[in-house]
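The block underneath contains the structure these notes are about, expressed in structure tokens.
Where a number appears in this text, it was derived from the coordinates with a stated rule and is not lab data. Since this is a predicted model, take the numbers as computed values, not measurements. Neighbour counts run over all protein chains shown; Cβ positions are idealised from the backbone, glycine included.
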Amino acid sequence: MKKTGSQILLECLRLEGVETIFGYPGGTVINIYDDLMDSPIRHVLTRHEQAAVHAADGYARATGQVGVAIATSGPGATNTITGIATAYMDSIPLVIITGQVPTALIGNDAFQEADIIGITRPVTKHNYLVKDVKDLARIVKQAFYIARTGRPGPVLIDLPKDVQIASTRFEYPQTVELRGYKPTFSGNQRQVEKAAKMILAARKPVIYVGGGTTSSDASLELRTLAEMIQAPVTTTLMGMASFPKRHPLSLGMLGMHGTYYANMAVTNSDLLIAVGARFDDRVTGKIATFAPHAKIIHIDIDPTSIKKNVRVDLPIVGDLLEVLKSLVRALSEQPEAVRQLAEDLAPWRQEIGDWKQKHPMSYQASSTIIKPQLVIEKIRELTADDAIITTEVGQHQMWTAQFFDFSTPRTFLTSGGLGTMGFGLPAALGAQAAFPERQVIDISGDGSFQMNSQELATLVQYRLPVKIAILNNNFLGMVRQWQQLFFNRRYSQTCMELPIDFVKLAEAYGATGLRATRPDEVEAVIRQALETPGPVIMEFKIAREENVLPMVPAGAGLNEMVLAS
Amino acid sequence: MRHTISVLVENEFGVLARVAGLFSGRGFNIESLSVAPTLDPSISRMTIVTSGDDQILEQITKQLNKLIDTIKVIDFTGQNFVEREMAMVKVSAEENTRAEVLRIADIFRAKVVDVTARSYTIEVTGAPDKIDALIELLRPMGIKEIVRSGPVVLGRGPKGWRGAD
């Protein structure tokens, strides 16, 4: 039987196991939206296309499945860019469908036309313009395969209106044939054995974990490796939830706002085992003084990540799950040596313990003014272990990374690479759509919140009970902090002078608004929010000029931390 | 250091933009580029000349390999290969220089492919430095216009790459 392009698209999505999509209708996707009424797929109408992509992204980060978003041509498509770039930088699997003007009009500056293939080329893993309805099923199949395999990433399909209307016999391909795309899954065995040898010879090893561990669901194997050799583990922002922060071997986060002990451990290490991390500049600080005494083993599925920023002594290209398994296997063949190593590392663990004691993560508590760190600690205390936390970008994001003890993979959704303000609320929306029963909390700042606050409407409409904690300092706090520290307190355009009544804003959308202005109100407000059905905004009036510390100034070495204001 | 890279890609629209974007997005330079289909019409072969240190070249070849449409990448640096470029040079040929232009062309085994009362168009093939030399010799005669194809290369020896296995 023949089907139209739009029917084929929706049928392909269903066959890929897609249950929920996020989007916004328009002229060139109107056929798809018409057929959507007859499809079992649930569509969540966001209030902005950027939010639709962030929501699909949040859905993907929380579930591990491919997130799907849809937007119309022209402005609808260009509105998706920040969302796509965010997912691209953090290697999140997405399929984005954009409508396009009819093929005969492409290139004519038609109404609502944009060359979205050209625009998204540098921020997608791959993209397709479908010119013939006969290619559509194959392209959708390939798009999902490319998005979720190898180093995951967003794939965009641009679908002209006439291709949606044209019909053809529908057959969904069983397999994918891409002669130019063959990701490496299992690591080279000889390299793995060399890695085992290097590990056994190390005296000051550090395992440095990035978001790849989450992508390949390898946190269990990571833990096995760490416990086996009793080596300390530090994570990036993206790798944070894949190793429990309360674990005795955990060093927390490294880098610009990392812990003193993580940065000291990396600087003094003799072996750095990089696991699905890419040596981002926010992690390494000054390259010349980054882990100067360490040999580096770099395990990553993407060969382009290896030796991009730092020299690497032993690269292993492959899926972390496979590589870590074979590394653990290689080590367990030498049980005596491994036992000896775990013992030999005792002085190293002691040294790290001393650093931990000397400069633990801490802040100056106050009984009169709300410290943002207190809010983060209280949210942790009052929520379940599997609560999903999203953040926007800025000080609140770093405080969350520093003071929230994550323990479960895929519970910390944050824009690490691109650093997108306005990500957290729609990402929380997507995560809550995936897990209606779990607690989902967007920890936000007053600046970031206003970048996608329109999504309150979506939360209320779909009864998605996301709780939003706004750490309100009436500042664009992170930029203000830089201005304070490096620009002689000249607060250029960082003061949000108009105080917003976030409680009233919540009420205007039909959500609940709560406010805390004193430290002793914090716990009660969080408790009340968690007990209130539906979306809730909690506004915390926090210490206005609180800084995120420790801090490695941009361009400085990891051991040159500013520890106190 | 100068590198010559062959890239076998899917013969589809947009592939050239992906390759070019990969260079421009990282501030890498393309010195020359030539593209045409191979024996298998679904595959195009690009020959790219670029330069950079080892780390940049490693990134370039890895990034080229990462493109979904890329089937194979060969960096010929340090390998034994034949390199040829074609050029056409339109040079003025006045009364007093006509014979000299022809003599120079002859030495380089170049052909005259178009002739007028006041000009010759000369076609020459060879390694890029041979073409440079010809151009230098013709320059005093007055070069009106020039086009170079950019080099193409093939590895020496009996082995050949015929298509995706």
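Set the Förster distance to 25 Å, then compute FRET efficiency between A:S565 and A:S367 from the Cβ-Cβ distance, nearest 0.05.
Calculated value: 0.85.
By the scheme Lys and Arg +1, Asp and Glu -1, what is the net charge of all other residues having a beta-carbon under 12 Å from that of A:V163?
It works out to a net charge of -1.
Please compute the average number of Cβ atoms from other chains found within 10 Å of each residue's Cβ in peptide A:114-123.
The shielding value for this peptide is 2.
Find the Rg to Rh ratio for region A:420-563, where Rh is the Kirkwood radius over alpha-carbon pairs and Rg uses the same atoms.
Radius of gyration over Kirkwood radius for region A:420-563 works out to 1.02.
Give me the three principal axis extents of region A:197-268 from the C-alpha atoms, as integers in angstrom, largest value leading.
Here the Cα extents, ordered largest to smallest, are 29, 26, 19 Å.
Just tell me which lysines come within less than 23 Å, Cα to Cα, of A:K2; anything on the same chain fewer than 8 places away is out.
A:K131, A:K134, A:K141, A:K161
Just round it to a whole percent: the fraction of Cα-Cα distances in region B:53-124 exceeding 21 Å.
Working: 1374 of 2556 pairs.
Here the long-distance tail beyond 21 Å is 54 percent of all Cα pairs in region B:53-124.
For a distance above 29 Å, tell me the whole-number percent of Cα pairs in chain B that qualify.
33 percent
Which of the peptides A:84-95, A:368-379 is most tightly packed, and how do the rest follow, going by the mean number of other Cβ atoms within 10 Å of each residue? The partial results should precede the final answer.
Numbers: A:84-95: 25.8, A:368-379: 20.9.
Ranking the peptides A:84-95, A:368-379 by packing returns A:84-95, A:368-379.
Between the helical axis of B:98-107 and the dominant principal axis of chain B, each derived from Cα atoms, what acute angle in degrees is found, rounded to the nearest 10?
Orientation of helix B:98-107: about 40 degrees from the principal axis.
State, to one decimal in nm, how far the label point of A:R42 lies from the label point of B:F13, with both points 7 Å from Cα in the Cβ direction.
3.8 nm
Inverting the mean 1/r over all pairs of different Cα atoms, compute the Kirkwood radius of region A:156-315 and quote it in Å.
17.5 Å
As a test, work out the antiparallel percent of DSSP beta bridges whose residues both lie in the protein assembly as shown, rounded to the nearest 5.
Approximately 40 percent, going by the DSSP bridge assignments.
Tally Lys/Arg at +1 and Asp/Glu at -1 over every other residue whose Cβ is under 12 Å from the Cβ of A:E343; what's the total?
Values: positive: A:R203, A:R339, A:R349; negative: A:E336, A:D344.
Once all neighbours under 12 Å are counted, the net charge is +1.
Could you name the lysines in cross-link range of A:K307, using Cα to Cα under 19 Å and dropping any fewer than eight places away on the same chain?
Candidates past the 8-residue exclusion: A:K194, A:K286, A:K295, B:K62, B:K66.
Once the principal axes of the Cα atoms of region B:1-51 are found, what is the range along each, listed largest first in whole angstroms?
Over region B:1-51, Cα extents along the principal axes are 32, 20, 11 Å.
Quick one: if you take sqrt(5λ) for each eigenvalue of the C-alpha gyration tensor of the protein assembly as shown, what semi-axes come out, biggest first, whole angstrom?
Result for the protein assembly as shown: semi-axes of 50, 34, 26 Å.
May I ask you to list the aspartates and glutamates whose Cα is less than 15 Å away from that of A:K356, ignoring any residue fewer than eight positions away on the same chain?
Those aspartates and glutamates meeting the cut-off do not exist here.
Average partner chain C-beta neighbours within 10 Å, per residue of A:174-181?
Numbers: counts 0, 0, 0, 0, 4, 12, 14, 7.
Average per residue, whole number: 5.
How long, wide and thick is region A:335-462, going by the Cα atoms along their three principal axes, in whole angstroms, largest first?
Projected onto its principal axes, the Cα set of region A:335-462 covers 60, 42, 30 Å.
Hey, if you drop one equal point scatterer on each alpha-carbon of region A:157-203 and run the Debye formula without solvent, what base-10 log of I(q)/I(0) do you get at q = 0.33 Å⁻¹?
-1.12
Sorted by packing (mean other beta-carbon atoms within 10 Å per residue), highest first, where do A:288-294, A:472-478, B:79-85 land? List each step's numbers first, then the result.
Values: A:288-294: 16.1, A:472-478: 24.1, B:79-85: 14.4.
With the highest mean Cβ count within 10 Å placed first, the list reads A:472-478, A:288-294, B:79-85.
What residues qualify as long-range amide H neighbours of A:G74, i.e. H under 5 Å apart, gap of 5 or more or another chain, H built at 1.01 Å from N?
It is A:A114, by chain and number.
Given the -39500 (n - 2.57) contribution per DSSP H run of 4+ residues, what per-residue ellipticity at 222 nm results for chain A, rounded to the nearest 500 deg cm²/dmol? List each step's numbers first, then the result.
On the way: 24 runs with 217 residues, N = 565.
The helix-only estimate for chain A comes to -11000 deg cm²/dmol at 222 nm.
Using θ = phi - 60° and the Karplus relation 6.51 cos²θ - 1.76 cosθ + 1.60, list the HN-Hα couplings for region A:152-158 in order, rounded to whole Hz, with x at every Gly or Pro.
x, x, x, 10, 10, 10, 9
Averaged across the residues of B:16-22, what count of C-beta atoms belonging to other chains lies within 10 Å of each residue's C-beta?
So the per-residue partner count for this stretch is 2.
Would you work out the Kirkwood radius for region B:75-165? I mean one over the mean of 1/r across all pairs of different Cα atoms, in Å.
14.5 Å
Using only alpha carbon positions, build the gyration tensor of region A:37-106, then give the equivalent ellipsoid semi-axes as the square roots of 5 times its eigenvalues, largest first, whole angstrom. If you can, show how the numbers build up before the last one.
Values: eigenvalues 87, 49, 23 Å².
Listed largest to smallest, the semi-axes of region A:37-106 are 21, 16, 11 Å.
Normalise the Cα radius of gyration of region A:264-354 by 2.2 N^0.38 Å (N = residues in it) and let me know the number.
Here the answer is 1.19, to two decimals.
Can you give the charge dipole size of the protein assembly as shown about its Cα centre, rounded to the nearest 20 debye, using +1 on the beta carbon of Lys and Arg and -1 on the beta carbon of Asp and Glu?
Computed charge dipole of the protein assembly as shown: roughly 980 debye.
What distance in nm lies between label points placed 7 Å from Cα along the C-beta direction at B:F81 and A:E507?
Distance between the two pseudo-spin positions: 7.2 nm.
When the helix-only estimate is applied to chain B (DSSP H runs of n ≥ 4, each -39,500 (n - 2.57), divided by the residue count), what is the mean residue ellipticity at 222 nm, nearest 500 deg cm²/dmol?
Value at 222 nm, helices only, nearest 500: -8000 deg cm²/dmol.
In vacuum, with every alpha carbon of region A:1-62 counted as one equal point scatterer, what does the Debye formula give for log10 I(q)/I(0) at q = 0.20, 0.23, 0.24 Å⁻¹? Two decimals, please.
Listed by q, the Debye log ratios stand at -0.81, -1.03, -1.10.
Hey, what angle do you get for helix B:15-24 against the long axis of chain B, alpha-carbon based, 0 to 90 degrees rounded to 10?
Here the helix axis deviates by roughly 90 degrees.
Does anyone have the angle between helix B:128-138 and the longest principal axis of chain B? Alpha-carbon axes, 0 to 90°, nearest 10?
20 degrees
With the crude spin-label approximation of a point 7 Å out along Cα→Cβ, what separation in nm comes out for A:S492 versus A:Y172?
5.4 nm
As a test of understanding, state the convex hull volume per residue of region A:43-156 from its alpha carbons, in Å³.
Cα-based convex hull of region A:43-156, divided per residue, equals 94 Å³.
Find out how many positive minus negative residues lie around A:Q483, taking Lys and Arg as positive, Asp and Glu as negative, among other residues whose Cβ is under 9 Å from that of A:Q483. The partial results should precede the final answer.
Numbers: positive: A:R480, A:R489, A:R490; negative: none.
Counting the neighbours of A:Q483, the net charge comes to +3.
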